[in-house]
Every structure is written in structure tokens, then in C-alpha cells.
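Structure, as C-alpha cells:
The values are calculated or read from the model by the stated rules, or taken from the named source; none is laboratory data. Quick caveat, the model's predicted, so the values are computed rather than measured. As a convention, Cβ positions derive from the backbone with ideal geometry for all residues, glycine included, and neighbour counts pool all protein chains shown. Ligands, DNA and RNA are stripped out before the accessible areas are found, and what is left, the full protein with its side chains, is counted by its heavy atoms. Shrake-Rupley method; radii C 1.70, N 1.55, O 1.52, S 1.80 Å.
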Amino acid sequence: MDQARFDIFFRQATASAKETSGLNPFDYQRRLACGERGGRTDDAWLSGGTDCRSLLLNVPTGCGKTAAVVLAWLWNRIKLQRSDWPRRLVYCLPMRTLVEQTRGNVQQWLRSLATSDAQGSDGDLAWLKDNSPVVLMGGEDAEPGRKQWDIWPEQPAIIIGTQDMLLSRALNRGYGMSRYRWPMHFGLLNDDCLWVFDEVQLMGAGLPTTTQLDGFRKLTKAERNCHSIWMSATLESDWLRTIDFDPVLLGDPVPLSSADKSRPGLRERFSTPTPIERCVYTTNNKLADQILATAEQADGLTLVVLNTVRRAQELHDQLRKLVSRQKSALPLTLIHSRFRSLDRAKHVSALLGAEGRPGIVVSTQVVEAGVDVSAARLFTALAPWASIVQRFGRCNRRGLDPNARIFWIDVEDKDAAPYDPDDLGRARQRLEGLSDASLASLARVLMMPEDKPRTTHVIRRKDLVELFDTTADLAGNDLDIDRYVREAEDSSVQVFWREWEGKVPLADMPAGRREELCPVLVNEFLEFWKKLKPGDAWRWDYLEREWSRIDRVFPGQMYLLRASTGGYSAETGWDPKSARVVAVVPQPADGKQGEGYGNDPLCHLGVWQSIAEHTDEVCRELEAIVTVLKPVETPALRHTARWHDRGKRHDVFEDAVMTEQNGVLRPADWLGRRDVAKAPRADKTTGHRSWWRRYQRKHFRHELASALAILDPSTPLPDELRALVAYLAAAHHGKVRLSIRSLPDEKQPNDGIRFARGVWHGDRLAQTDLGAGVVAPPVTLSLELMEIGLCEEPPFAGEASWADRMLRLRDTLGPFRLAFLESLIRAADERASAKAAAGGES
């Protein structure tokens with residue numbers, strides 16, 4: 001009965017124009033969702049679901065692993081409302097090329113399930129259909145009409161991204177995003193999440209990071225459970241072992257059952273032989289001749305997989321010339337990871353649409369995982385055995401083509417990069433003893449201990465704790481996490497191209513958007529950048545709120561190039577030899593400027609709002625969040641919501657709101673008022689100017705003033721909550737967190753008193769209406785807390801410094817939990833601001 005319920009659910013999800021009645025699940029997919037393991041049926045299975053836990057899914061490519069985990073999560077979390085299954089599903093892919101296809105599949109399943117829910121009775125499903133999946137690939141902007149996932153933490157979400165984007169966020173150093181949102185993603189992605197790692201044999205240095213993070217979450221006090229599922233056809237459980245993670249705790253891997261292997265569709269893949277032979281030629285000229293001749297005789301697609309982008313581009317160029325000379329009608333496509341997203345999607349679409357039709361696709365490792373395509377002919381360069389198995393899975397994928405053929409191209413040791421020659425040697429030895437690529441034949445080739453991916457760097461708990469602090473060092477540098485995310489040779493930056501008048505881009509030029517970004521290897525970008533003119537390459541300076549010339553390059557960061565510098569084409573992707581002007585991706589009219597340390601975009605809205613009005617709305621939004629999530633720290637969160645903007649009664653903040661502009665006074669209700677929280681910004685569509693001017697003190701942060709006031713004993717708050725409330729208030733824009741120190745170029749007091757972030761020792765905050773009958777008394781701010789050691793002056797004499805209090809908080813609650821609480825306050829604040837800007841609608 002319960003199996004039948006899930007089978008119906010699975011068929012409803014997989015129904016499409018091609019499969020109108022949907023697909024029946026494999027036995028392993030049913031077991032993953034319903035909990036029957038190793039012949040045992042547990043109590044949870046009898047109710048239709050199963051407990052969520054970390055596990056290894058060991059299933060061959062092309063057997064529906066994505067559907068297995070996504071629909072298991074939807075079945076348990078959404079359909080059965082099992083709260084032990086995490087609220088967020090985080091799907092981590094090793095390659096950018098796979099993201100669009102995975103997103104498309106998930107969107108189709110959600111639409112199909114929503115269609116079958118004709119009465120709209122499932123609110124969570126409706127939310128997911130309208131707002132998921134979320135794609136994280138850098139340059140994030142909420143898609144039009146969708147809610148922003150990180151400010152709706154109480155709602156379910158499906159998040160899809162590449163390992164560099166997702167793991168960097170899980171380590172509090174999110175690539176391709178505002179540094180001031182790092183803690184939000186750090187808190188949310190390490191709480192109440194089911195992480196899914198697809199084709200983990202391709203993850204390199206990221207693999208031990210995934211297991212270490214899983215171990216850290218179980219050792220620290222995370223707010224809610226996180227679990228991980230590792231998926232691969234070629235991974236041994238013991239390869240997941242790290243210093244803080246024991247794979248024995250995972251239990252046995254979830255495999256295909258004998259019933260699965262005998263089922264039509266898989267039976268042919270296990271039994272139908274696909275012959276393998278060594279390619280005669282290895283150099284591009286001769287190889288191009290053989291590929292074209294083979295493709296001309298094939299009944300379907302010819303897929304060529306090489307090991308580097310450069311070699312793929314060179315072979316593609318040789319084939320393009322050869323096709324032109326011979327006047328061949330075969331279509332030719334190039335796919336690799338160094339394309340802008342729209343161009344990449346077009347090339348992948350061409351690949352997916354080429355199945356069953358003659359044509360040639362030249363690719364790199366990006367097709368090794370998750371690309372559901374079946375070629376009639378496969379040419380693959382020698383690679384480590386795990387990669388070879390994945391590539392074989394792209395030829396005769398369904399076991400229905402008796403004429404399919406595979407050719408492997410030998411690689412000399414000197415050309416082994418990016419792989420180790422020893423790994424290629426073991427793969428060569430296996431290939432020489434293998435005659436066909438059926439799943440049955442491949443299953444007889446055993447993995448060896450030497451096949452375990454080599455890792456140089458493994459993140460430790462001390463490293464993670466240090467990453468909690470997002471303050472850059474005095475030179476403006478951040479802790480480098482790239483060695484924990486990617487192999488060194490895979491380290492990349494995000495590049496985008498624009499045109500502008502004059503030598504320097506204007507400060508209001510919008511930040512790079514996802515559609516514009518092209519990933520480029522760090523070493524290649526460095527070589528390209530060194531040849532450019534000084535005014536052709538820029539980075540956004542968060543501290544100065546302007547574009548600055550590049551003086552150094554860091555992995556994961558975004559860089560702006562002038563379009564006339566070249567380096568890219570829609571046909572071949574990133575190409576440092578190309579001198580053609582790069583086509584600029586059109587910008588939307590409402591493009592957002594990059595965020596700076598000293599600006600407050602959430603204060604610059606289209607409306608006037610008092611501190612009390614805004615605070616009341618933040619408290620209402622927080623109640624909506626905590627009513628669902630029920631965190632034990634709810635009292636501290638409520639106090640934070642009420643007191644977080646206390647610092648806006650600082651003179652520097654109040655003086656930044658103009659009393660008039662061009663002879664036009666404020667609205668009558670706002671004349672002379674000093675308790676302003678929000679005021680209109682500039683509006684390009686109406687021509688209205690902003691009511692805001694720059695702060696008189698550079699780098700001023702009102703939230704530091706709030707935190708100092710909260711810690712003052714005169715503020716009526718429970719002493720046992722004071723430190724946590726102060727931290728959460730300080731951190732509610734992501735700019736003041738563990739440390740308080742002055743920043744470069746701050747305006748300094750003449751009398752040598754303490755100063756930091758635009759706040760001076762002895763500044764006063766006036767009495768303030770905080771809404772709901774709460775009135776904050778006047779207070780004089782003390783910056784003695786920024787010193788090291790115990791304070792000696794009133795009102796903090798004998799008490800710990802700011803740093804000591806905050807470090808104690810971090811170590812007591814744990815970095816994941818503290819960041820999670822931080823994200824809840826920020827979510828409530830941003831939702832309240834968005835609601836005010838939208839005229840009362842969230």
C-alpha cells in the first residue's frame with residue numbers, strides 16, 4: 001500500500017509530454033524514499049516514509065540518481081510533512097554545465113506535482129513551484145517574481161549550484177556574491193539542509209571538505225540537523241574517511257537491487273556490449289580526420305571528450321576547418337566550462353538535441369556527470385578510471401544501439417595534466433584488458449586503493465572557527481579557502497565585459513550579473529591581465545564603493561574587463577588569443593550598484609518611515625519566522641528585533657537625511673523629525689533625487705552604535721541575553737561582527753579619543769521611540785570595549801571587552817548556530833524593508 005502511494009507520486013512527478021503517464025521508480029529509488037534497507041522494513045517505512053540520514057548512493061550513471069534524491073526529499077519533507085527531513089535541499093554539482101539541466105528537471109517535477117495537486121492543498125509544494133529551484137552560480141539576483149530564498153528561512157527551498165559556489169558559502173567566503181551576505185549563507189547552508197553531492201569522484205579537493213563539514217555539523221551545536229548524500233558509481237566508502245568523519249557511520253551504500261538490474265531499460269545496459277578500441281591517432285590533425293570520417297558513417301551523435309579546454313578548442317578549430325574544406329553538412333558544437341551562462345546553455349541545448357542525429361560535439365570533462373545524452377560514437381582521451389567510466393556512460397546509454405563504438409585516445413605522461421600520470425597508467429592497463437563497456441563488464445573491474453583521489457589540504461575545525469570572522473586583515477585580504485574547494489589547477493575567477501566612456505567606470509555602474517559572468521582559470525586570467533592596459537581591468541572596492549584597478553587576483557572573485565580587450569567569443573568561450581570586441585550582455589534598467597561598506601541600501605527606500613514604524617514591522621516579520629522555526633533563542637531574537645536600529649538616533653545618521661533638496665522641503669509630516677529610519681532614494685524613472693547624503697564620518701555604521709547602547713547597563717534588557725542581543729544587532733548588515741577596529745581613512749577626532757566605524761567615544765544617542773511602547777533612554781556610547789582585556793572605566797569597569805564577549809558567544813553556541821541566528825534577524829529586517837518599499841506587500 002505504502003509503496004503504491006510513492007509509486008503514484010513518482011509517476012505524477014515524472015509525467016511529461018514524452019512520458020504522459022510518468023515513470024515507475026526503480027527499486028532503489030523506492031527504498032531511498034520509503035526506508036526499506038537490506039531486506040528490513042522499519043516503522044517509518046510502514047507510515048510511508050523514512051528517517052533522513054547521511055548515506056552513500058552507489059548507482060551507475062544514467063540510472064536516475066537525481067530523481068531518486070529530489071523525489072525522496074519531496075516525498076518525505078513536502079508530501080508526508082516529515083520534519084526530520086531538512087527544510088532545504090542543496091544539490092551540489094562538480095560542473096557548471098550540469099546546472100541548467102538539473103534545474104530544468106527539478107522545475108518539471110515541481111510543475112507536474114503541482115498540476116496533480118489540483119485543489120492547491122499543499123502550500124509547501126506551491127511555494128516550491130513558485131520559488132525553486134534557486135541556482136547559485138555567482139552574480140546572484142532573485143529571479144523576477146520569486147522570493148529571495150535567504151530571507152525566507154522558514155520556507156522550503158531547493159538550491160542547485162556548483163561546488164565552488166556552494167562550498168565557498170558553506171565556509172563563509174561565498175564566491176561571486178556580496179561579502180556582507182557571506183554569514184547569511186554560511187548560517188543557512190549549515191542548518192536544516194540535506195546536501196546532495198553528485199558524481200563526487202570529480203570533486204577533487206572539495207570532497208574531503210564535504211565530509212569534514214558533515215562531521216563538524218555533528219560535533220557543533222547546529223540549530224537543526226544537516227545530512228549529506230554522496231552519489232557516485234565509482235567511489236568506495238572508505239575514500240570518504242577524514243580526520244573528523246568516519247564513513248562507517250553511513251552504513252552500507254545504497255546500490256541497485258537485482259530487480260533493478262533485470263528491469264527493462266537497465267537490463268539492456270548491463271547485457272548489451274559496446275565495443276572499445278584504441279584510437280590510432282593522438283595528434284589533432286590526424287585525429288580530426290578520423291573523427292570526421294567516423295561521424296560521417298554514424299547513425300547518431302559523435303561525442304569527443306578531451307581533458308583540457310585548450311585541447312578541446314584546438315581540436316574544434318581543426319574540425320571546423322576540415323568540415324569547411326570537405327563541405328560536410330555535419331553540425332559541430334564545442335562545450336566546456338568557460339562560457340557565459342546563456343552561451344553555455346545554448347551549446348548544451350545543442351548537445352541534448354543532437355541525440356539520434358549525425359553531428360559532432362567536442363567537449364571536456366563537463367559531460368562526465370549528469371548530462372543525459374547518448375552518443376553513437378564516443379572518442380575519449382585517457383583519464384583516471386572513474387572518469388573513464390563516467391564518459392563511457394555517454395555512449396549507448398540505453399543499451400539499444402548494436403552499432404555503437406568507443407575509441408580511447410592515449411595520452412603521454414608529459415601531457416597528463418590535469419591528471420597524474422600514474423592514474424592514467426592504471427586506467428590504460430584496465431582499458432587494454434577490456435573489450436566492451438557494458439555495465440556488467442565495467443562492474444567486474446574493481447577499484448583499487450591507489451584510485452582514491454589524492455588530497456593535499458583538509459580543513460580542520462580550527463580553520464572553520466577562524467573563518468567565522470569575515471573581517472579582512474589590515475591589508476584588505478581575506479583567508480583563502482580555495483584549497484578546500486577546488487584543485488589548485490581548477491582555481492578560477494569570474495570575469496565580465498562592459499563598455500564605458502572615459503578612463504574609469506562610474507561608481508554607479510551595476511555589479512556583474514550571472515548572465516555576464518565567465519569562469520576563467522586564475523593562471524590564465526593573470527597572464528591575460530598582465531598584457532592589458534592599466535585602465536582595462538577593474539574590481540569592485542567594497543570599502544571605497546568604487547571601481548579600482550586590479551592590483552592582485554584572488555580565486556572566486558569577480559573582475560570587470562573593457563569589451564574591447566577581447567578574450568571571449570560566443571562560439572568558443574574564453575579565449576585569451578581572441579582580439580575581437582566582446583559582445584556586451586544587455587543590462588536591465590534596474591541593475592544594482594555594488595554594495596559598499598559605508599552605504600545602507602535598505603535605508604534608501606521609496607518611502608518615509610520612522611524607527612518605531614520600521615521596528616514594529618521587523619518584529620512582525622520575526623514572529624512569522626520564529627513561529628515556524630521555534631529556535632530556543634527566540635527571546636534574544638525578539639529583543640534584537642526591537643533594539644537593532646537604536647543607533648539610527650546617532651547625529652551622523654540623522655544628518656545624512658536632508659531637510660530639503662533644490663528648495664523642496666521634506667513632506668510636512670517629516671519636517672524637523674530626527675527619528676527617520678527610511679527615506680526615499682533617487683528614482684531614475686521619475687527623476688526624483690535622493691534625500692540622502694553621504695555620512696559626514698567615513699565608514700559610519702549605525703549598527704555599532706546600536707550594539708554599544710545595548711551593552712550599556714542603562715538599557716533595560718536581561719543581562720543574560722545582553723551579549724547575544726548586542727552581537728545580533730551589530731551583525732544585522734554583515735559589516736560589524738567579531739571585531740571592532742577603525743578602518744583606513746576614517747575621520748579622526750581632534751582630541752585623540754577612541755573611534756571605530758564612524759562612532760566616537762562619548763557620542764550620545766537621544767531618547768528613542770522603538771515602537772510597541774518601548775522607549776530607549778538617552779545613552780552615552782563608550783568605545784572602551786574595543787580595547788583588549790578587562791575594561792577599567794564606567795560603565796564597563798571590570799567587564800570583558802567586545803572581542804572576549806563575542807568569541808565566548810561563538811564558542812558557546814558554535815559558529816553554525818550563531819550565524820543561523822544572525823540570518824534570522826537579517827531576514828526579518830530585509831523583509832520589513834522590502835514590504836515598506838512595496839507599499840505594504842511582502
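Observations on the model:
- Accessible-area value, GLU793, 1.4 Å probe, nucleic acids and ligands omitted, Å²: 70 Å²
- Trypsin sites (Lys or Arg not before Pro) within segment 313-405: DSSP coil, no more than 15 neighbouring Cβ in 10 Å: LYS327, ARG398
- Multiplying the residue separation of ARG454 and GLU792 by 0.36 nm and removing their Cα-Cα distance gives an extension gain of 116.4 nm.
- Pairwise centroid distance, computed over Cα atoms, of segment 406-453 with segment 654-724, Å: 64 Å
- Restricting segment 145-240 to trypsin sites (Lys or Arg not before Pro) in coil, as DSSP defines it, with at most 14 other Cβ within 10 Å: ARG146, LYS221
- With bins 10 Å wide beginning at 0, the percent of Cα pairs of segment 297-396 falling in each bin runs 16, 51, 30, 2.
- Helical runs (DSSP H, four residues minimum) scored at -39500 (n - 2.57) apiece and divided by the length of the chain put the mean residue ellipticity at 222 nm at -10000 deg cm²/dmol.
- The accessible-area ordering, largest first, of the residues HIS347, HIS336 stands as HIS347, HIS336, per a 1.4 angstrom probe.
- Sparse-neighbour loop sites [chymotrypsin sites (Phe, Trp or Tyr not before Pro); segment 627-670; at most 13 other C-beta within 10 Å; DSSP]: none
- Straight-line cross-link partners of LYS147 among the lysines, defined as a Cα under 16 Å from its Cα and at least 8 positions apart when in the same chain: LYS129, LYS835.
- The chain: antiparallel DSSP beta bridges as a percent of all, rounded to 5: 35 percent
- Cross-link table LYS530/LYS698; LYS503/LYS592; LYS286/LYS414; LYS286/LYS531, entries beyond 26 Å C-alpha to C-alpha: LYS530/LYS698; LYS286/LYS531
- In plain terms, if you count all Cα to Cα distances in segment 150-231 and split them into 10 Å steps from zero, the share in each step is 17, 54, 28, 1 percent.
- Computed with a 1.4 Å probe over protein heavy atoms only, the accessible area of ARG805 comes to about 30 Å².
- Rounded FRET efficiency, nearest 0.05, which uses the C-beta distance separating LYS503 from THR780 and R0 of 56 Å: 0.75
- With contacts taken as Cα pairs under 8 Å and at least 6 residues apart, segment 783-842 reaches a relative contact order of 18 percent.
- Spatial offset of segment 269-297 relative to segment 515-592 amounts to 38 Å, using the alpha carbon center of each.
- Residue-normalised accessible area of the chain, given per residue in Å² at a 1.4 Å probe: 40 Å²
- When VAL134, VAL371 are compared by accessible area of protein heavy atoms, the largest-first order is VAL134, VAL371, using a 1.4 Å probe.
- Comparing Cα centroids, segment 126-184 and segment 365-392 end up 30 angstrom apart.
- Label selected from (i) 92, 69, 53; (ii) 84, 67, 51; (iii) 92, 65, 51, the criterion being Cα extents along the principal axes in Å as computed here: (ii)
- The residue list LEU738, ILE825, GLN748 was ranked by how far each Cα lies along the charge dipole of segment 703-842 toward its positive end, using unit charges on Cβ atoms, and ILE825 comes out on top.
- A 1.4 Å probe over all protein chains sorts LYS747, LYS18, LYS462 by accessible area into LYS18, LYS462, LYS747, starting with the largest.
- Annotation: peptides 188-195, 578-585, ranked by per-residue average of other Cβ atoms within 10 Å with the highest first, follow the order 188-195, 578-585.
- Theoretical FRET efficiency, 1/(1+(r/R0)^6), r = Cβ-Cβ of GLU154 and ALA488, R0 56 Å, to 0.05: 0.90
- Accessible-area value, CYS279, 1.4 Å probe, nucleic acids and ligands omitted, Å²: 10 Å²
- Hits among aspartates and glutamates - C-alpha to C-alpha of LYS321 under 20 Å, sequence gap 8 or more where chains match: ASP289, GLU296, GLU571, ASP575
- With the simple spin-label model, which puts each label point 7 Å out from Cα in the Cβ direction, the ASP252 to ARG426 separation comes to 2.5 nm.
- Backbone HN-Hα couplings from phi across segment 361-368 [Karplus 6.51/-1.76/1.60, Hz, Gly and Pro as x]: 10, 9, 9, 10, 5, 4, 8, 5
- Were the residues from THR471 through ASP811 laid out at 0.36 nm apart, the gain over their Cα-Cα distance would be 120.6 nm.
- Spin-label model distance (nm) - GLN661 vs ASP299, 7 Å beyond Cα toward Cβ: 7.0 nm
- Length gained when the stretch GLU720-GLU527 is fully extended (0.36 nm per residue, less Cα-Cα span): 64.0 nm
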